[in-house]
1. Strands (runs of 3 or more DSSP E) wholly in segment 576-649 with at least 1 residues that are more than 27 Å from ASN372 (Cα to Cα) - which ones?
2. Restricting to segment 327-358, name every residue that is closer than 22 Å to GLU401 by Cα, open to solvent by 20 Å² or more (accessible area, probe 1.4 Å) and part of a helix (DSSP H, G or I).
3. Within the set of pairs 6+ apart or on separate chains, which have a first residue in segment 449-477 that is on the phi > 0 side of the Ramachandran plot, a second that is open to solvent by 10 Å² or more (accessible area, probe 1.4 Å), and C-beta atoms under 7 Å apart?
4. Residues in segment 260-279: is at least one among the hydroxyl-bearing types (Ser, Thr, Tyr), in contact (Cβ under 8 Å) with a residue 40 or more places away in the chain, touching a helix residue (DSSP H, G or I) at 6+ places or on another chain (Cβ under 6 Å) and farther than 21 Å from LEU373 by Cα?
5. Test GLY250 against the criterion of being free of Cβ contacts under 8 Å to residues at least 60 places away in the same chain and open to solvent by less than 40 Å² (accessible area, probe 1.4 Å), and give yes or no.
6. In contact with a strand residue (DSSP E or B) (Cβ under 8 Å, 6 or more places away or on another chain) and either open to solvent by less than 40 Å² (accessible area, probe 1.4 Å) or at pLDDT 95 or above (or both), is that true of ASP579?
7. Taking only segment 45-79 into account, find how many residues are open to solvent by less than 20 Å² (accessible area, probe 1.4 Å), more than 23 Å from ASP97 (Cα to Cα) and not aliphatic (A, V, I, L, M).
8. Hey, GLU401 hits all of (1) under 26 Å from VAL561 (Cβ atoms); (2) of a type outside the set (Ser, Thr, Tyr); (3) open to solvent by less than 60 Å² (accessible area, probe 1.4 Å); (4) over 25 Å from the mean Cα position of the chain (by Cα) but one; which does it fall short on?
Amino acid sequence: MAKFVPQAEMPLSDQVKVRREKLEALRAEGLDPFVQTKFEVTSSAKEIKDRFEELEGKTVTLAGRLMSKRGMGKVTFCDLQDNTGRIQLYVRFDAMDEEAFKRFKKNDIGDIVGVKGDVFKTERGEISLRVHEATLLSKSLLPLPEKFHGLTDRETRYRQRYVDLIVNPEVKDTFVKRSLILRELRHFLDGKGFLEVDTPILTPFEIGASARPFYTHHNTLDIDMVLRIETELYLKRLIVGGMDRVYEVGRIFRNEGMDPTHNPEFTSIELYQAYTDFHGMMDLVEEMMKTVAMKVCGTLQITYQGKDIDLSHWERMTMIEAVKKYSGVDFAAISSDEEAIAAAKAHKVELPEIPTKGAILAEFFDAFVEENLIQPTFIYDYPVENSPLAKRKPNDPAFTERFEYFINATEFGNAFSELNDPIDQKARFEKQVADRLAVDPASRAQVDYDYVTALEYGLPPTGGLGFGVDRLVMLLTDSASIRDVLLFPTMKPTDLEKKKADEQKAKAESAPEAAPAAPVAEEKIDFSKVEIEPLFTDFVDFDTFSKSDFRAVKVKECEAVKKSKKLLKFLLDDGSGKDRVILSGIHDYYEPEELVGKTCVAITNLPPRKMMGIDSEGMLISAVHHEEGEERLHLLMLDDHIPAGAKMY
């Protein structure tokens with residue numbers, strides 16, 4: 001049985017010692033602040049400022065956190081911060097009990113107090129509260145970050161959101177707006193006759209979709225269960241059951257990489273409407289986005305990360321039209337896979353594993369189109385090759401009734417005319433699972449035959465839509481990272497490596513004493529089959545070489561680039577204080593998760609190079625050779641004691 005080990009006391013700074021001594025003194029006097037259970041609040045900082053003429057001279061009570069103290073002797077000025085803002089407290093020795101005044105002066109910045117006093121305006125014209133009574137409600141045993149610099153380190157802000165909200169009150173505005181966005185989305189959908197429902201988060205098995213799930217175990221049933229990666233199949237069961245318009249604001253879980261637009265758990269809205277198609281969903285999206293933006297922002301002209309976005313105008317293009325517009329290649333005039341392959345080679349577009357015309361069209365879209373879709377744009381009529389679960393177009397079965405909508409070169413949502421043929425759906429599900437097992441024989445993916453049974457009872461023609469709430473919040477709050485719109489984003493534990501080392505040490509110590517181990521034979525590495533490229537014969541002058549800036553970089557985040565089989569996207573700490581993005585085509589050799597936290601080498605002064613619509617700001621250094629005709633690659637990794645930004649010579 002594991003032994004519980006209490007957290008060790010950290011060495012106490014002088015400030016912390018003083019605060020704890022003050023707490024002990026209060027307890028000795030019978031004034032322990034932590035026994036307080038209630039304080040009656042009659043007003044707020046904002047209300048006093050908004051209604052000053054009405055409240056001037058009247059007695060009110062407030063509660064909040066002391067954010068500053070100034071003054072000496074017989075008068076003290078403080079800023080009190082409550083849920084609505086800040087207000088100045090004017091605390092004078094002759095306006096309150098002498099002992100209470102002495103105790104108040106001993107309060108620290110960060111303490112939570114309740115005060116009673118009169119509303120007035122100082123000679124300098126600042127609306128304030130003249131305090132007559134003060135009660136310490138909670139003692140802050142840790143000092144807040146230094147007032148002039150505050151909490152600026154992003155990692156710390158995400159890990160300690162509670163401190164972030166205290167010292168950076170503007171952060172709260174983002175989450176107030178997030179709540180408003182969700183309220184307006186619900187209000188809009190409810191007004192359209194949709195019914196909000198809840199479907200299971202724990203599901204009985206992994207389906208064949210490509211997203212990697214989280215597993216857990218149900219003790220009573222003694223079965224493994226899966227945290228959902230979508231809400232689609234349960235919601236469409238409800239359409240079968242006669243609930244013609246349903247939606248769910250659902251928490252989704254995907255055991256995949258993290259980056260500025262992805263978190264392992266996120267909020268999505270999926271909705272389904274009977275007797276409409278993807279064109280009906282398109283109309284609904286445009287109206288919904290305009291309505292919510294106007295309610296939340298007060299305008300349809302917004303700014304996101306320095307770019308002006310006009311939500312009043314939405315362009316609609318087929319994928320073929322978009323590719324022709326931005327690449328000049330007209331796929332409507334291409335009649336065979338061979339012609340498409342030739343076009344891809346001519347335009348240096350990466351060929352997919354199965355190079356069909358439709359699959360190559362999708363590659364052209366990724367290479368030429370997506371980065372240009374800054375203004376709101378619907379792209380529809382996707383090739384069937386990359387839309388296996390959408391209904392085919394009746395007049396052109398090579399394409400599907402599907403659209404995605406893009407803003408700022410980012411996909412915001414995905415919609416279909418839903419497939420309702422149970423025979424076709426069953427075949428597609430079985431192929432999807434078979435393909436998964438062919439790639440990963442250990443996969444536990446299964447066909448959801450119960451959903452097929454539901455379809456056999458009859459699913460009416462249905463339009464479906466799914467979109468990420470977090471990305472919408474990012475857009476409407478001008479937030480650069482998904483972590484800025486999640487109160488508690490997923491973070492790698494700071495003590496993870498230490499815990500692993502402690503566990504290994506504990507296992508070693510608890511193992512029965514064994515006979516002395518035989519000497520471990522030194523590993524012999526066979527380089528006899530290695531093929532090395534010839535060394536360059538052209539010399540580079542020293543001045544040119546010395547201008548290449550090789551630096552140690554730390555991998556903060558790493559993920560597979562969407563729609564690319566080779567590229568990994570790295571978010572790197574290069575020691576400059578600004579995150580650096582570099583793309584590297586090494587996915588055949590590494591999974592993103594295994595590289596997070598590693599120390600690597602990068603050239604940092606190369607000009608940005610656009611890859612898959614993403615600016616790559618440098619190059620990671622790898623060692624490449626061949627063995628028996630096959631390429632081998634090792635990303636150069638350094639000792640983790642080397643700091644980010646260390647220069648390589």
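1. Details: elements: 579-584, 599-603, 609-611, 614-616, 622-627, 630-635.
Passing ranges, in order: 599-603, 622-627, 630-635.
2. Listed by number, the residues that qualify are ALA332, ALA333, ASP337, LYS357.
3. Pairs that qualify, where the first residue is on the phi > 0 side of the Ramachandran plot and the partner is open to solvent by 10 Å² or more (accessible area, probe 1.4 Å), are GLY458/VAL240.
4. Residues of segment 260-279 among the hydroxyl-bearing types (Ser, Thr, Tyr): 261, 267-268, 272, 275-276.
Among the residues that remain, those that are also in contact (Cβ under 8 Å) with a residue 40 or more places away in the chain are: 261, 267-268, 272, 275-276.
From what is left, the residues that are touching a helix residue (DSSP H, G or I) at 6+ places or on another chain (Cβ under 6 Å) are 261, 267, 272.
Among the residues that remain, those that are also farther than 21 Å from LEU373 by Cα are: 267, 272.
Scanning segment 260-279 turns up at least one residue that is among the hydroxyl-bearing types (Ser, Thr, Tyr), in contact (Cβ under 8 Å) with a residue 40 or more places away in the chain, touching a helix residue (DSSP H, G or I) at 6+ places or on another chain (Cβ under 6 Å) and farther than 21 Å from LEU373 by Cα.
5. Working: free of Cβ contacts under 8 Å to residues at least 60 places away in the same chain: yes; open to solvent by less than 40 Å² (accessible area, probe 1.4 Å): yes.
Judged against the criteria, GLY250 is a match.
6. Values: in contact with a strand residue (DSSP E or B) (Cβ under 8 Å, 6 or more places away or on another chain): yes; either open to solvent by less than 40 Å² (accessible area, probe 1.4 Å) or at pLDDT 95 or above (or both): no.
Here the answer is no, as ASP579 does not meet what is asked.
7. Number of matching residues: 1.
8. Just one mismatch for GLU401, condition (1).
The values are calculated or read from the model by the stated rules, or taken from the named source; none is laboratory data. Being a predicted model, the structure only gives us computed values, none of them experimental. Note that each Cβ is placed from the backbone with ideal geometry, even for glycine, and that neighbours are counted across all protein chains shown. Calculation scope for accessible area: heavy atoms of the full protein, side chains included, ligands and nucleic acids excluded. Shrake-Rupley method; radii C 1.70, N 1.55, O 1.52, S 1.80 Å.
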